[in-house]
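Below is one structure, written out as structure tokens; the observations come after it.
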Amino acid sequence: MTRRRFLHLFGAGTLATAAALTGCKNDRKDGVADDYSSQTEPPVGKMTYRKNPKTGQEVSLLGYGMMRLPTDATASSRESDAPIAQETVNRLVDYAIEHGVNYFDTSPAYCKGLSERSTGIALSRHKRDSYYVATKLSNFSPETWTREESIKMYRTSFKELQVDYIDYYLLHGIGMGGMEALRGRYLDNGILDFLMEERQAGRIRNLGFSYHGDVAVFDYLLSQHDKYKWDFVQIELNYLDWEYADEINPRNTDAVYLYGELHKRGIPAVIMEPLLGGRLANIPQYLAVEMKRRRPEKSVASWAFRYAGTPDGVLTVLSGMTYMEHLKDNLLSYCPLEPVSKEESDFLHDVAEKIVGLETIPCNDCKYCMPCPYGVDIPAIFVHYNKCKNEGRLPRNAKDEEYGRLRRDYLIGLDRSVPRLRQAAHCIGCGQCESHCPQNIRIPHELRIIDKYVERLRQGLEE
């Protein structure tokens, strides 16, 4: 797609109506980047809203993703058994609603199955007509593909969320497992027909799907739009995935195609991963400096949020906001939205091109691959590697005068982030994780490469 076509799709003229990562070094105990140290208070009453074309309801451009909720564990603990910090969740939700956020997205699969319950507790303290709740049929494992188990999961969501209707309901992770999984999860068992009946009865107000993986499944469901009448579709969109998703991973599909297919059918797009799991908030320092030069008072993350919110076919942009700093920063980006200009979009495409050259592992820290049956903390290993590579802190050449310090920093940071028994050396290559990865990462392959790399570092050998 040409940039002229890009700007046409983004419809700048029509818009007038308009996570924290652990790294090699981080001095903040809560893991929040220093980018928020001079943060201002977001205004009340300035949220940008988009109209649902089916209902006419105004949906906040910022949606709250309830996927990475705060826990009572320390920030360095990953995959712990610590409970969700419900009082903190309540405060975050209250603040979000006060500042105009009205879309909250959850799933039976999030936060070890506890996200829906926590979301329901927080939202039930507010008037039902003050928020829209989205959840999903997350029947990933074959034992939940039966009609009985899928309907049980569906009905449990109502109980956990404490609602008698669901505003936005999704088939979760369409494309993972290809057409075979689509048929097994939703078609052959009659579940999609059941959900359409539930929509007709009013217990589902809007029916859609979230897409990852095999684009043939995405294309098939859109080809059946006249039959299913999709009310919305959730896709991954950010300035890196817009044109470079397939270069990061050949099995992924560029967002420009996904958005374009929805836009021409008039199907609203709900956006996930505007920051790619935090990666676009932790870009290489020299690129971050250029962003700061252009907008000194704004965070690096704000560029990605403005980009994701600019297309006129976007209904809402989801963000998993674990800390108040994240919530406030995203509110500042959308209260109100300042759409990206042509010059800014060109700049971000140049940034994306430079990031692609880094060849990092396209992990979003979504944890769909977890738990590993052998205890390997897959996302933590990838996050640490990507963070160090983005910062130019990977030890490469033993003859480099900085090699010893970088080698020590990498290994100490790895051991702090991931206990030894959960590191890549303990992967046996069973492949159970790979089919669950929305980014189609060859996980055992990448873990083997990292394991060999770490072993060389431990032995003091150059790569």
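The values are calculated or read from the model by the stated rules, or taken from the named source; none is laboratory data. Just so you know, these numbers come straight off a predicted model, no measurement behind them. Neighbour counts run over all protein chains shown; Cβ positions are idealised from the backbone, glycine included. Surface areas here come from the heavy atoms of the whole protein model, side chains and all, with no ligands, DNA or RNA. Shrake-Rupley method; radii C 1.70, N 1.55, O 1.52, S 1.80 Å.
Using the Cβ-Cβ distance between residue 82 and residue 405 with R0 set to 30 Å, the FRET efficiency from 1/(1 + (r/R0)^6) comes to roughly 0.35. Seen from a random direction on average, the alpha-carbon convex hull of the chain projects onto 20.8 square nanometres.
Against the criterion of solvent-accessible heavy-atom surface with a 1.4 angstrom probe, 180, 243 sort, most first, into 180, 243. Share of region 302-381's accessible area from carbon and sulfur, percent, 1.4 Å? Percent of accessible area from carbon and sulfur atoms in region 302-381: 53.
Placing pseudo-labels 7 Å out from each Cα toward the beta carbon at residue 265 and residue 216 gives an inter-label distance of 1.8 nm.
In this structure, the amide hydrogen of residue 132, modeled 1.01 Å from its nitrogen in the peptide plane, lies closer than 5 angstrom to those of 103, 104, counting only residues at least 5 positions away or on a different chain. In region 240-377, Cα pairs under 8 Å separated by at least six residues give a relative contact order of 30 percent. Its Cα centre serving as origin, region 77-133 has a Cβ charge dipole (Lys and Arg +1, Asp and Glu -1) of approximately 100 debye. Computing FRET efficiency as 1/(1 + (r/R0)^6) for residue 350 and residue 38, where r is the C-beta to C-beta distance and R0 is 25 Å, gives about 0.40.
Listed peptides 119-127, 413-421 appear in the order 119-127, 413-421 once ranked by packing, highest mean of other Cβ atoms within 10 Å at the front.
The distance between label points at residue 180 and residue 448 comes to 2.2 nm (points 7 Å beyond Cα on the Cα→Cβ vector).
Couplings for region 427-433, taken from phi via the Karplus curve 6.51 cos²θ - 1.76 cosθ + 1.60 with θ = phi - 60°, read 6, 9, x, 5, x, 4, 6 Hz in order; Gly and Pro are left as x. For residue 237, the residues 5 or more places off, or on other chains, whose built amide H falls under 5 Å of its own are 272.
In this simple spin-label approximation, residue 225 and residue 430 carry label points 7 Å from Cα along the Cα→Cβ vector, and these lie 4.2 nm apart. DSSP assigns beta bridges within the chain; of those with both partners inside it, close to 15 percent run antiparallel. Working from Cα pairs under 8 Å separated by at least six residues, relative contact order for region 374-463 is 34 percent.
On full extension, the segment bounded by residue 149 and residue 286 gains 44.3 nm, given 0.36 nm per residue less the C-alpha separation.
For residue 51, a cut-off of 28 angstrom between C-alpha atoms picks up these lysines, skipping any fewer than 8 places away in its own chain: 127, 136, 227, 229, 264, 298, 328, 342. Backbone geometry of region 392-401 corresponds, through the Karplus equation with coefficients 6.51, -1.76 and 1.60 at θ = phi - 60°, to 3J(HN,Hα) couplings of x, 10, 7, x, 10, 10, 5, 7, 5, 5 Hz, x marking Gly and Pro. Surface composition of region 147-259: carbon plus sulfur atoms contribute 45% of the solvent-accessible area (1.4 Å probe, protein chains only, all chains present).
A protection proxy built from the mean count of other Cβ atoms within 10 Å ranks the segments 206-213, 396-403, 45-52, 437-444, most packed first, as 206-213, 437-444, 45-52, 396-403. Take the Cα of residue 165, go 7 Å toward its beta carbon, and the backbone nitrogen atoms of region 50-74 under 17 Å from that spot belong to 52-59.
Taking a point 7 Å from the Cα of residue 57 along the Cα-to-Cβ direction, the residues of region 166-198 with backbone N closer than 15 Å to it are 166-170. Once the 1.4 Å probe is applied to the protein heavy atoms, the chain comes out at 42 Å² accessible per residue.
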